[in-house]
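Okay, structure first, notes after.
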Amino acid sequence: MSFLFFIFGLIVGSFLNVVVYRFRSGEGGIVTGSSHCRSCRNALGWQDNIPLVSYILLRGRCRQCKAGISLQYPLVEFLTGVSFSFAYFCTSVLYDLSGGILIGIALITSFLFAVMLLIFVYDYKYMEVPMAAIWWGVFFTFLLIMFFDFILEDTFVLFSSHFFLHGMAGLIAFLFFFGMSYYSDERWMGYGDSFIALVIGFFLGPLGTFFAILFAVWSGATVGILLTLTGAKGMKSAIPFGPFLVSGFFVAFYVMAYHPHLMRLFW
Ligand SMILES: [Zn+2]
């Protein structure tokens with residue numbers, strides 16, 4: 001089943017690539033329209049459209065014009081595949097679920113992961129956070145939280161519910177980054193980052209969010225310093241912070257799932 005999730009993730013990943021491209025260019029609908037080479041505009045046959053496999057068979061070049069295909073395509077496909085099987089694996093290990101419910105919960109978690117990857121790539125490429133992705137992230141998280149509060153738990157107590165605790169974590173994370181953006185006039189981070197923090201807080205809850213943000217700030221600062229020292233980026237040039245937040249999200253989720261004792265170090 002984990003392998004099926006991986007395959008499904010590859011397909012969703014190639015869809016994400018199209019979304020990233022067409023969101024921006026405003027070219028046609030997201031679902032309609034056949035895909036074509038970015039270089040020679042020739043339409044791609046089905047055999048050149050298989051996620052990951054086509055890229056490897058074509059050795060990263062267009063069949064017709066031999067122009068290089070961006071590494072972004074197979075990379076996003078692969079990462080989406082991995083994150084989908086990861087979502088299934090975690091769901092089956094962490095919760096006592098089976099059958100259709102297990103698959104359903106794993107799927108919603110997978111979709112949330114896909115949204116986070118979309119934000120990662122989009123912010124990395126265009127230095128902008130796609131707000132539609134944020135609201136999808138909030139929606140999927142809301143579904144998961146409703147499930148855990150109303151289906152898994154016997155009684156709903158507002159102040160100890162996931163809805164309340166995770167909601168507060170999301171709100172505080174949002175306000176923290178919103179404040180930083182406002183205070184620094186978007187020089188340290190942008191308003192878009194506060195919305196990513198909102199989704200992270202809502203999904204991970206207080207402890208995981210704290211860990212995710214710590215990781216994002218720490219890794220962001222490290223990469224920023226390295227880029228400045230190596231001269232790859234000037235002192236003033238901005239680096240998008242979204243990819244670091246998304247990375248923090250995945251690392252925190254992983255740690256919470258597999259190494260809860262590590263999480264305790266931070267508390
Ligand atoms: Zn071509």
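Only the coordinates and a few stated rules stand behind these numbers; no lab work does. Only a predicted model underlies this, so the values are computations on that prediction, with no experimental measurement involved. Quick reminder, even Gly has a Cβ in these numbers, built from the backbone with ideal geometry, and neighbours come from all protein chains shown.
Each residue of the stretch 159-164 in order: what ³J(HN,Hα) in whole Hz does its phi give by Karplus 6.51 cos²θ - 1.76 cosθ + 1.60, θ = phi - 60°, with x for Gly and Pro?
Each residue of the stretch 159-164 in turn: 6, 10, 7, 4, 4, 6 Hz.
Decide, for the chain, between rounded, prolate and oblate: order the square roots of the alpha carbon gyration tensor eigenvalues as a ≥ b ≥ c, take rounded if a/c falls under 1.5, and otherwise choose prolate if a/b is larger than b/c, else oblate.
It is oblate, given that a/c is not under 1.5 and a/b is not larger than b/c.
Per 0.36 nm of contour for each residue apart, how much would the distance between W188 and L171 grow if the chain were fully extended, relative to their Cα-Cα spacing? List each step's numbers first, then the result.
On the way: separation 17, 0.36 × 17 = 6.12 nm, distance 1.96 nm.
Between W188 and L171, full extension yields 4.2 nm more.
Given the convex hull of the Cα atoms of the stretch 1-94, what is a quarter of its surface area in nm²?
Spelled out: convex hull of the Cα atoms, projected over all directions, averaged, 6.5 nm².
Under a 5 Å amide H to amide H cut-off, with H placed in plane at 1.01 Å, what residues pair with R61 once short-range neighbours are removed?
Placed amide hydrogens put I69 under 5 Å from R61.
Let me know the shape class of the stretch 128-267, please: from the alpha-carbon gyration tensor, a ≥ b ≥ c as square roots of the eigenvalues, rounded when a/c is under 1.5, otherwise prolate if a/b is greater than b/c, or oblate. Could the numbers behind the result be given before it?
On the way: a/c = 2.49, a/b = 1.75, b/c = 1.42.
Prolate, because a/c is 1.5 or more and a/b exceeds b/c.
Using modelled backbone amide H atoms (1.01 Å from N, in-plane), which distant-in-sequence or interchain residues come within less than 5 Å of I239's amide H?
Excluding prolines and chain starts, which carry no amide H, there are no hits.
How would you classify the stretch 172-238 from its alpha-carbon gyration tensor, with a ≥ b ≥ c the square roots of the eigenvalues: rounded for a/c under 1.5, else prolate if a/b is greater than b/c, otherwise oblate?
oblate
How large is ³J(HN,Hα), in whole Hz, for each residue of the stretch 50-67 in order, when computed from phi with the Karplus curve 6.51 cos²θ - 1.76 cosθ + 1.60 and θ = phi - 60°, using x for Gly and Pro?
Once θ is set to phi - 60°, the couplings for the stretch 50-67 become 7, x, 6, 4, 4, 4, 5, 5, 7, 6, x, 10, 5, 4, 8, 9, 6, 5 Hz.
Taking Cα pairs under 8 Å and at least six residues apart, what relative contact order does the chain come out at, in percent?
15
Please list 132-140, 153-161 highest first by mean number of surrounding beta-carbon atoms within 10 Å per residue.
Values: 132-140: 18.3, 153-161: 10.0.
Peptide ranking by packing, descending: 132-140, 153-161.
For labels at L102 and I7 in the simple 7 Å Cα→Cβ model, what's the distance in nm?
Going by the 7 Å Cα→Cβ label model, 1.8 nm.
For an R0 of 45 angstrom, estimate the FRET efficiency from the Cβ-Cβ distance between V157 and L75 and round to the nearest 0.05.
Taking R0 as 45 Å, the efficiency between V157 and L75 is 0.55.
Ranked highest first by the average count of other Cβ atoms within 10 Å around their residues, in what order do 223-229, 194-200, 239-245 fall?
194-200, 239-245, 223-229
Over the stretch 128-267, calculate the relative contact order: mean separation of alpha carbon pairs under 8 Å at least 6 apart, over the residue count, as a percent.
About 23 percent, as a whole number.
Residue by residue through the stretch 185-195, which ³J(HN,Hα) values in whole Hz follow from phi under the Karplus form 6.51 cos²θ - 1.76 cosθ + 1.60 (θ = phi - 60°), with glycine and proline marked x?
Coupling constants for the stretch 185-195: 6, 6, 7, 7, 8, x, 4, x, 4, 5, 6 Hz.
Taking 7 Å along the Cα-to-C-beta vector as the label spot, tell me the E128-N42 distance in nanometres, rounded to one decimal.
Taking the two extended label points, one gets 3.2 nm.
Kindly rank 174-183, 113-122 from highest to lowest mean number of other beta carbons found within 10 Å of each residue. Spell out each step's value before the answer.
On the way: 174-183: 16.3, 113-122: 24.1.
Output ranking for 174-183, 113-122: 113-122, 174-183.
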